[in-house]
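Let me begin by presenting the structure, written as structure tokens, before commenting on it.
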Amino acid sequence: MPSITLPTVGAPASPDAPTAPSGIQVQEIGSSNSYAGTLEPDAGGFGYDMWKGTSAHDVETLLPRIPLPGPSPAMRVLARRLILSNAESPTGQADRDLMSIRAEQLTRLGNLADMEAFLAVVPANSKDPTLTAFRREVLWLKGDVDGACAQAAADMAVMPTDLDLNRQQLLCRAATGQTKEAQLGIDMLREQGQSDPKLVMLIDALGGAKGAKLPPDLPPSPMLYALIKKANLAVPPEWAASATPALQARLAADDTLEPAARIGAAESAFISGAMPIDLVKQLYGSQDVSPTQIDALLAAEDKDDGPIGHAQLYEGALRTEQPAHRAQILQRALEMARRFGGYPTAVAANETLLQQMMPAPELAWFAGDAGRVFYYLGQYERAQAWLNIARNRAEADAQARNAVPTLALFAQIAGAGQKLTWAPDAVEQWRAAQEKAGDPDAALRAARLFAILAALGEPVGDQWRQMAETAQASTTLPDLTLVNRLDAASAAGRHGEVVLISLVLMGPTGPAGAHPLVVNRVLSALYANGLQSEARAIAFETVIANGI
């Protein structure tokens, strides 16, 4: 394919050396240290020796395999800490700079503050294509069109045949009023047999050509979003559902989009860690809601309430002063989130309201939902208070009675309960009830529960073991070589490697859909390597996602 060489926009400018955010020490790094980071041990980093005994080749191979952002907040937090930790490089030499792999994974996570801070430890003179693209991505996400275009021009001076940079150059010209230069570039593409009708449409639209429209099915990207906003064009509303987490965070703040699209984007960005819950709550709070609308939501069939419904339930719970009515609204929000997804968002958004509700006998029917939330949040004393209410009212209240075994199980996972004594008949009755209710994966869910309890040192009977073996035989086995490597890393105390392999083994479904063997080994390894609270957080995610 012939190269595309276009005249640059002004003289190539070298970006200024990055300034480290407060509290971050910029290190001079090169091939000898590709694991400088922004997280010190007292801020969540895994320590300078996290890769001691681990080969650079293994990190290079496994780090890109972490499926990010993923559906599990607990796993995502571990991934973020692993990527950003300030540490000595692994042993040996990798074929590829680990700094660039980390930049790629940070982009997938989409937290702009983390991405921008990471630039402080990326060598300013790096010509690595991934790192230069990462630098431009940060500028596009910040909406700094001039800075991103200048950076693209500087990068193109080093990589003149890079097709993506050439494309960015043309788009920059169109958006900044250099229409003649942009047209010259299009003509050159045409002469070289590389004409792109969609690119031509996009350049015409950005340049303000009369009657020009954005191409249909335009894929979302931070670059296109920044250029579209600069040209005062309408952002495709479907981007809110399909954009990357970082761009969804930008779209959530875009008041030209419909409220449902903005709220949906905000919820997705929060789950991925790209947006704080306070901004989601602000969007929730911007929606008006009437008592009639709340009553309609409470009376509706079991279905996803959607972004607007989530906002209305939040506002309804916030406005009511009656504890019982507030509990009723919160129960709806939490139950629907457990069934249809978004439970972490529902918990985080409503945590303050839940904290304000005192466990009381008249709210015993709400104990199951409230207790589950506080076990999930790691607030075991408050969770235990709701369990006590449920136990005390079990004879008089059916909902409280049904909540007791579930909350007792959560207490065991939290390490706050008495050792379990399993009744095989009761276990079989539980599984039969799940299957009768139409759950085709009752045995598999039970196997995951067994795997969790066994990993955390709880006693389990033969009936649970048989259930797990049956479920495991009916599912695809994980990479047993990788499982064995996890066991070996755990036994040797290679904690960075333990976290890395755990994240890869859990796969794209996260702990909710992981093989029981994986759940067991990962939790065991994390627990043995000083990550007990992290292991319990994953355990709670797993049981909640499996309908418990």
Do any residues in region 234-247 that are in contact (Cβ under 8 Å) with a residue 40 or more places away in the chain have Cβ atoms under 8 Å from those of residues that are among the hydroxyl-bearing types (Ser, Thr, Tyr) and not in a loop (DSSP other than H, G, I, E, B), where the two are at least six apart or on different chains, and which pairs are they? 244/107; 245/268; 245/272; 246/107; 247/225
Which residues, counting only those in region 257-289, are part of a loop (DSSP other than H, G, I, E, B), surrounded by fewer than 18 Cβ atoms within 10 Å (Cβ to Cβ) and modelled with pLDDT of 95 or more? 258, 276
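Just to verify a result, which residue in region 178-225, among those that are hydroxyl-bearing (Ser, Thr, Tyr) and at pLDDT 90 or above, is surrounded by the fewest Cβ atoms within 10 Å (Cβ to Cβ)?
First pass over region 178-225, keeping only residues hydroxyl-bearing (Ser, Thr, Tyr): 179, 195, 221, 225.
Those still in the list that are at pLDDT 90 or above too: 221, 225.
Working: 221: 15, 225: 21.
So the residue we want is 221.
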Taking region 273-331 as the region of interest, how many residues are in contact with a Gly (Cβ under 6 Å, 6 or more places away or on another chain) and among the polar types (S, T, N, Q)? 0
Give the residue, chosen from 170, 141, 163, that is surrounded by fewer than 23 Cβ atoms within 10 Å (Cβ to Cβ) and either out of contact with any His (no Cβ under 9 Å at 6 or more places or on another chain) or at pLDDT 90 or above (or both). 163
Among helices (runs of 4 or more DSSP H) lying entirely in region 431-548, which contain 3 or more residues that are modelled with pLDDT of 90 or more, crowded, with 21+ Cβ neighbours inside 10 Å and not assigned by TED's automatic domain parsing to the domain that holds residue 347? 480-492, 495-506, 516-528, 532-545
In region 494-511, which residues are in contact (Cβ under 8 Å) with a residue 60 or more places away in the chain and either among the hydroxyl-bearing types (Ser, Thr, Tyr) or more than 15 Å from residue 69 (Cα to Cα) (or both)? 494, 495, 496, 497, 499, 501, 502, 509
Search region 83-110 for residues that are in contact (Cβ under 8 Å) with a residue 12 or more places away in the chain and at positive phi and pair each with any residue that is of a type in the set (A, V, I, L, M) and crowded, with 19+ Cβ neighbours inside 10 Å when their beta-carbon atoms are under 8 Å apart and the residues are at least 6 apart or on different chains. 92/56; 110/246; 110/247; 110/249; 110/269; 110/274
Within region 229-240, the residues that are surrounded by fewer than 23 Cβ atoms within 10 Å (Cβ to Cβ) and hydrophobic (A, V, I, L, M, F, W, C) are 231, 233, 234, 235
Any residue in region 306-321 that is outside the structural domain of residue 335 (by TED's automatic domain parsing) sitting within a Cβ distance under 8 Å of a residue that is in a helix (DSSP H, G or I)? List the pairs, counting only those 6 or more apart or interchain. none
Restricting region 107-135 to residues that are farther than 19 Å from residue 67 by Cβ and among the acidic types (Asp, Glu), the residue that is surrounded by the fewest Cβ atoms within 10 Å (Cβ to Cβ): 128
For region 290-310, name all the residues that are outside any helix (DSSP H, G or I), under 13 Å from residue 329 (Cα atoms) and acidic (Asp, Glu). 305
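The values are calculated or read from the model by the stated rules, or taken from the named source; none is laboratory data. Keep in mind that this is a model prediction, so the values were computed, not measured. Here Cβ is always computed from backbone atoms with ideal geometry, including for glycine, and neighbour counts include all displayed protein chains.
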